[in-house]
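Taken together, the values in this text are just the output of simple stated rules run on the coordinates, not laboratory data. What you see is a predicted model, and the numbers here were worked out from it, not measured in a lab. Counting neighbours? That spans all protein chains shown, and the Cβs are built from the backbone with ideal geometry, glycine included.
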Amino acid sequence: MQKNLRYFNGKEAIFIDSNIFLHHAFDINHVSVEFLNMAELHNLKIYTSSLVLEEVSFKLLMQSASNFLDKVTVPKVKTLLHNEKKREQVLDSVLKYMGYIALLKESGMTVLELKDSDIMTALQKTMEYGLITADAAHYAVMERKGIRHIATGDNDFKSVPGLTLWMPVV
């Protein structure tokens, strides 16, 4: 089932996918921004995972590196990070956003760990629903914790029965 994230009432436990954080970080979707602002102010039952935070930090790192490179590739970013002065500049926005994540944690967000058993479950979910492994891992963590709602901009989760997708529709 798909619903508009704008109308999330906060009664259910909800998992936050990486794209919601990225919408907020880049200020590209006001529904995602408003949702996270609401999460800051209200004691919502919001969850994410360490894998989501890794995805967010990696994408922020690559975006920041694009300010220093004409073409962003992983080898070029690795080289850039070996330069101590540039490393601080590249990591600045990533560290600032992780500070925002810390604020959300102080406001009640729980960061769930990814267990090795979740990886095996994720591979089964990939086979069953055609999800990429990262999305399947998010779903495995959600399933282990009994979370049936997800804030996401990812249509791939539509293939999972019994899951309510809260999409940031503008």
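Here segment 89-115 and segment 125-170 have alpha carbon centers that stand 21 Å from each other.
The charge dipole of the chain, taken about the Cα centre with unit charges on the Cβ atoms of Lys, Arg (+1) and Asp, Glu (-1), comes to about 60 debye, rounded to the nearest 20. In this structure the amide hydrogen of Ser66, modeled in the peptide plane, comes within under 5 Å of no amide hydrogen from residues 5 or more places off or on another chain.
Residues in segment 92-99 carry Karplus couplings, in order, of 3, 5, 5, 5, 5, 5, 5, x Hz; the curve used is 6.51 cos²θ - 1.76 cosθ + 1.60 with θ = phi - 60°, and Gly or Pro positions show x. Scanning residues 5 or more positions from Phe15 or on other chains, those with amide H under 5 Å from its amide H are Tyr47, His149, Ile150, Ala151, with H placed 1.01 Å from N in the peptide plane. In order along segment 103-110, phi translates into HN-Hα couplings of 4, 4, 5, 5, 7, x, 5, 9 Hz, rounded to whole numbers, per the Karplus curve 6.51 cos²θ - 1.76 cosθ + 1.60 with θ = phi - 60° and x for Gly and Pro. When the GluC sites (Glu not before Pro) in segment 81-154 are filtered for DSSP coil states and for at most 16 other beta-carbon atoms within 10 Å of their beta-carbon, the remaining sites are Glu113.
Per-residue ellipticity at 222 nm from helix content only, as computed over the chain with -39500 (n - 2.57) for each DSSP H run of at least four residues, stands at -17500 deg cm²/dmol. Checking the Cα-Cα distances for Lys71/Lys115; Lys59/Lys115; Lys59/Lys125; Lys59/Lys85 against a 26 Å cut-off, the pairs over it are Lys71/Lys115.
If r is the Cβ-Cβ distance from Asn37 to Ile132 and R0 is 45 Å, what FRET efficiency results, to the nearest 0.05?
On the way: r = 29 Å, r/R0 = 0.64.
It comes to 0.95.
Note that segment 34-50 has calculated 3J(HN,Hα) couplings of 5, 4, 5, 4, 5, 4, 5, 8, 10, 7, 7, 8, 10, 9, 8, 10, 4 Hz, one per residue in order, obtained from phi through the Karplus relation 6.51 cos²θ - 1.76 cosθ + 1.60 (θ = phi - 60°); glycine and proline are x. In this structure, Lys105 and Lys76 have a Cβ-Cβ separation that, at R0 = 45 Å, corresponds to a calculated FRET efficiency of about 0.90.
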